[in-house]
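The values are calculated or read from the model by the stated rules, or taken from the named source; none is laboratory data. Predicted, not measured: the structure shown is a model, and the values here were computed from it. Positions of Cβ are backbone-derived with ideal geometry, glycine not excepted, and every protein chain shown enters the neighbour counts. Accessible surface is based on the protein model in full, side chains and every heavy atom, while ligands, DNA and RNA are left aside. Shrake-Rupley method; radii C 1.70, N 1.55, O 1.52, S 1.80 Å.
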Amino acid sequence: MTARPKTGVWQRSDGAVWSVDAAFARASRLVATLPDRPLLNLCIDRLDFVTVLLASAMRRQPCLLPSADSASALEAVRAGYPDAIEIRSVDDARTPASDAGWRAVLDYAGTATVAYTSGSTGTPKPVAKTWPTLLGDAACLVAALARHGVSDDTGVVATVPPQHMYGLETTVLTALAAPYVVYAGRPFFPADIAAALASLPAPRMLVSTPVHLKALLNSDIAVPAVDVVVSAAAPLPTALAERLQTRLACRVVEIYGSTETGAIASREPTADETWNLFPGVRFDASHARLQCDHLPAGTAIQDRLEVLSSERFRLLGRPDDMIKVGGKRFSKQALTEALLSVDGVEDAAVTILDAADRVAAVVVAPGVDAAAIRSALALRVDPVFIPRPLRHVSAIPKTPTGKPAAAALRELLAGAS
């Protein structure tokens, strides 16, 4: 008889600890109080989130996960599920926990979640996942993290929302597959992140994004000992990874994936520029598609890759990352990094403004005018890729995981000369 995998717990800010069985008992009570309609899961607290997730599973209904708690993101969900019930929190009353009844509830092949892409490059797109896919994804992720030194008793703090695939995998699904201690809240500011880490026992893992990690490093907040920092949702600059490794004396791990594939590869960017597929995931003989037990047959990576072996690849960029001007090509990501390398530029985002392929950008650069930025940029990139317009803003609009929001960027740049 195969032993059941150990499971984790969610720890609230008050120190209260809730097991998966206890969350399942909460879900049973929740189901009894609601009409039989799809559940739109807007819970930021991860214990509340998993309660709603399990409640949806009990009903054999998909749990709806918007890309953000915004009018446009919620409209995208309601276009397909107009009768969905919004849930933002769950009653805290404890109910006697059943003995792992949730395992039987998840033992079916129907749709478990419908997650929506971030809309960072356009309209959010729904992506359906089954429970076999989600649980297989969690097992692969736990095995991959173990390769990077993450032990079973690790305490996990995350700045990313559970509705995003990255947050769902690292702070909800992993607790179904490993005995992690997951902080239930979502700390945002550096002081809150430090306090959340301090509330958990060592060893500790911080799950975040480049934008949040940069803010943490730029603060004067003392951070408790962290063993592993995990980053995803946007490219992690090597210089930032090196700063993290030096300041926090930790391993820095970058995860690669998408809403469609889930997390599938990792690397330690200060040591290796190439990516390693997770245990159990590999390329097929053509190197065009992925093979693993939990993903549908024929699943492909949409980004541009250089495949080095059945388990290793080099990431070349997104298909929509290339800028084409006057017969020349350049990467949006490379142009963004060039902008960020200019003294005084604190943040930057690049977009294509119209059908004429005008390169445009917004920057957070107090005290540095556009002419000075363009002059510095001319030393780093071909003049045809220097952004015109280049607009100063106090903050760049971003998705909950730190990606520049394409529609909001275009709105900021509308009418700019």
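Which residue, chosen from Q61, S151, A196, occupies the Cα position most advanced towards the positive end of the dipole of region 9-317, where the dipole is computed from +1 (Lys, Arg) and -1 (Asp, Glu) charges on Cβ about the Cα centre?
Q61
For K129, list the lysines whose Cα falls under 29 Å from its own Cα; do not include residues on the same chain fewer than 8 positions away.
Partners within reach: K6, K398, K403.
If I take R0 = 56 Å and measure r between the Cβ atoms of S19 and A370 in this structure, what FRET efficiency does the formula 1/(1 + (r/R0)^6) give, to the nearest 0.05?
So the FRET efficiency works out to roughly 0.50.
Which of S28, S151, S219 ends up with the largest GNM mean-square fluctuation for the chain, with Cα atoms connected below 10 Å?
Between S28, S151, S219, it is S219 that shows the largest mean-square fluctuation.
Among E306, E242, E268, which one moves the most in a GNM of the chain with springs linking Cα atoms closer than 10 Å?
The residue with the greatest mean-square fluctuation here is E306.
Counting pairs of alpha carbon atoms under 8 Å apart in space and at least six apart in sequence, what relative contact order in percent does region 298-393 give?
21
How high is the FRET efficiency from A288 to T111, r the C-beta distance, R0 30 Å, rounded to 0.05?
With a Förster radius of 30 Å, E is 0.70.
Please give the FRET efficiency for D69 paired with L379, using the beta carbon to beta carbon distance and R0 = 35 Å, rounded to the nearest 0.05.
Calculated transfer efficiency: 0.25.
Below 8 Å between Cα atoms, with a sequence gap of 6+, how large is the relative contact order for region 9-317 in percent?
After rounding, I find 14 percent.
Name the residue, out of V350, V393, V142, whose mean-square fluctuation peaks in a Gaussian network model built on the chain with Cα pairs under 10 Å.
The residue with the greatest mean-square fluctuation here is V393.
Calculate, axis by axis, the spread of Cα positions in the chain along the three principal axes, and write the results as whole Å, longest axis first.
Answer, in whole Å and largest first: 66, 48, 47 Å.
Give me the one-decimal nm value for the distance between modelled label points at R12 and S310, 7 Å along each residue's Cα-to-Cβ direction.
About 4.9 nm separates the two model spin labels.
At 0.36 nm per residue, minus the direct Cα-Cα distance, what do D91 and R103 gain on full extension? Give it in nm, one decimal, please.
Value of the extension gain: 2.0 nm.
Above 19 angstrom, tally the Cα pairs of region 321-414 and express them as a % of all pairs, no decimals.
33
Run the quick spin-label model on D303 and T246: label points 7 Å from Cα toward the beta carbon, then report their separation in nm to one decimal.
It works out to 2.6 nm between the two label points.
Tell me which trypsin sites (Lys or Arg not before Pro) from region 288-394 have a DSSP coil assignment and no more than 14 other beta carbons within 10 Å of their own.
Those satisfying the criteria are R289.
Considering only DSSP beta bridges whose two residues both sit in region 321-414, what percent are antiparallel, to the nearest 5?
80
Can you work out the accessible area per residue across region 187-292, with the rest of the protein chains kept in place, probe 1.4 Å, in square angstrom?
With the other protein chains kept in place, region 187-292 gives 40 Å² per residue.
Just want to confirm a number: the relative contact order over region 208-317, from Cα pairs under 8 angstrom separated by 6+ residues, in percent.
Reported as a whole number, the value is 17 percent.
Suppose only helical runs count, i.e. DSSP H with n ≥ 4. What mean residue ellipticity at 222 nm does that imply for the chain under -39500 (n - 2.57) per run, divided by all residues and rounded to the nearest 500 deg cm²/dmol?
Per the formula, -8000 deg cm²/dmol.
Have a look at the DSSP beta bridges in the chain and tell me what percent are antiparallel, nearest 5.
Given both bridge residues lie in the chain, the antiparallel proportion sits at roughly 55 percent.
Using the alpha-carbon atoms, what tilt in degrees (0 to 90, nearest 10) does helix 131-147 show relative to the longest principal axis of the chain?
70
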